[in-house]
Structures are given as C-alpha cells and as structure tokens.
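None of the figures in this text is laboratory data; all of them are computed from the coordinates on show. Keep in mind the model is a prediction, meaning the values are calculated, not measured. FYI the Cβ positions are ideal-geometry reconstructions off the backbone, even for glycines, and counts take in every protein chain you see.
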Amino acid sequence: MLTQQKVIDAINEQIGYEFSASMQYYAIAAHFAAEALPQLSRHFFRQAEEEKDHALRFLKYVLDAGGSVAIPAIAAPQANFANAEAAIQLSYDQEVHVTQQINGLVELARSENDYITSNFLQWFLTEQLEEVSSMDNLLKIVRRAGENLWQADEYLARVGATTMPEGKSA
Ligand code: FEO
C-alpha cells in the first residue's frame, strides 16, 4: 500500500465529512427552493454536487492508494433556518471547518513523509480558498439585501458569488 493505514483512516473520515457537507447543502437548497428563491437554491444544489465530487475524489484516492474504503455514518443535516443569513452563515462556518480538516490531513501526511498524499491534497487547499471566499461573498450579498432577498437572488443570477468581476481573475 502506498500510504499508511492511519492516513487512509483519516481520509475515510474525510469522505464522511464531504458527504455530510453535501447533504447540508441539499437541505439548504431545498430551504431556498421552498422560499421561492431559485438562484440561491440553484447555487446550493451546485455546491451540494461539488461536495459529493470531493467525497468521490477522496474515495478514488483510497482505492488508488490500495486502501479499503469505509464510509462512516452521517448525521442528519440541519433542515430549518431562522432566515437566509443563518443558512449561509452555517455554510460559511462549514467551509472554514472543512479547511481546518484539510489542513489537518496535510499535517498528518507530512508527518508521515507521505508526499503522494500531501501532493494529492494540494487541489483541496486551492478549492477551499475559493469556497470560503465565495461563501463569505454570498454572506455579504445576502446581508446587503436585508429583507429584500429577491435582490440577492437577482444579483446571483447576473453576477454570481465570486469576489472578482468576471474576466478580472485567472
Ligand atoms: Fe469539500 Fe467545500 O469542502
């Protein structure tokens, strides 16, 4: 096997966290759909799919490294939110937490001199920078809209949640 069992165990745990993040985003997407905010809903459906892809990337890595895949049990996601800001704050906090988890995996891989896993994890570090910053931006958009959430919804359709104007970043 290319990597230590303890690294495989930690990645299996991360598969659970990524599926858990995916389910939380599906729950938030459903919440916004029920509130007749289709762009916010679409945004979170897309995020949910991305988290599922993250889980599958980790799953493939365990297989490629010669380990055994063991997907852990996942708790039910939060289904009710006081308002849109609360749902997006939860998402932002979740992304910050996942970033800490990925940092922990990098530390573990490095402490084991496991450069293959460390290299594999670089993609996730870049992805987390993008996800934390776009969720932070979405929080600002929703706070600015206040009670007029349809404005946030329209803004998302026209501009999206990225920090830089289109065409001004790589
Ligand atoms: Fe897979 Fe957004 O962390």
Structure-based [θ]222 nm, the chain - -39500 (n - 2.57) summed over DSSP H runs of at least 4, per residue, nearest 500: -26500 deg cm²/dmol
Cα-derived Rg over Rh, computed across the chain with Rh taken as Kirkwood radius: 1.02
Separation in nanometres of the label points that stand 7 Å from Cα toward Cβ, at Asn119 and Asp93: 3.9
Lysines with Cα under 29 Å of Lys140, excluding same-chain neighbours fewer than 8 positions away: Lys52, Lys168
Anchor Lys60: aspartates and glutamates whose Cα lies under 19 Å away (excluding residues fewer than 8 positions away in-chain): Asp9, Glu13, Glu18, Glu49, Glu50, Glu51, Asp114, Glu127
Under the span-like rule (Cα at least 24 Å along the axis, Kyte-Doolittle mean at least -0.5), DSSP H helices of the chain: 5-34, 84-111, 115-145
Highest-MSF residue in the chain out of Thr117, Thr126, Thr99 [GNM, Cα springs under 10 Å]: Thr126
In nm, spacing of pseudo-spin labels at Lys168 and Gln101 (7 Å Cα→C-beta vector): 3.3
Proximal charge balance of Val96 [Cβ under 10 Å; K/R count +1, D/E count -1]: -4
Cα centroid of segment 93-143 to Cα centroid of segment 1-22, whole Å: 14
Fewest-first sequence of Tyr61, Tyr155 by Cβ atoms within 10 Å of each Cβ: Tyr155, Tyr61
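Give me Leu139, Leu125, Leu37 ranked fewest to most by other Cβ atoms within 10 Å of their Cβ, as a rough exposure proxy.
Leu125, Leu139, Leu37
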Equivalent-ellipsoid semi-axes of segment 47-126, from the Cα gyration tensor, Å, largest first: 28, 15, 11
Cut-off 14 Å (backbone N to label point 7 Å along Cα→Cβ of Ser68), residues of segment 1-38: 5-6, 8-9, 12
Debye log10 I(q)/I(0) at q = 0.16, 0.27, 0.29, 0.32 Å⁻¹ for segment 102-151, Cα point scatterers: -0.57, -0.91, -0.97, -1.05
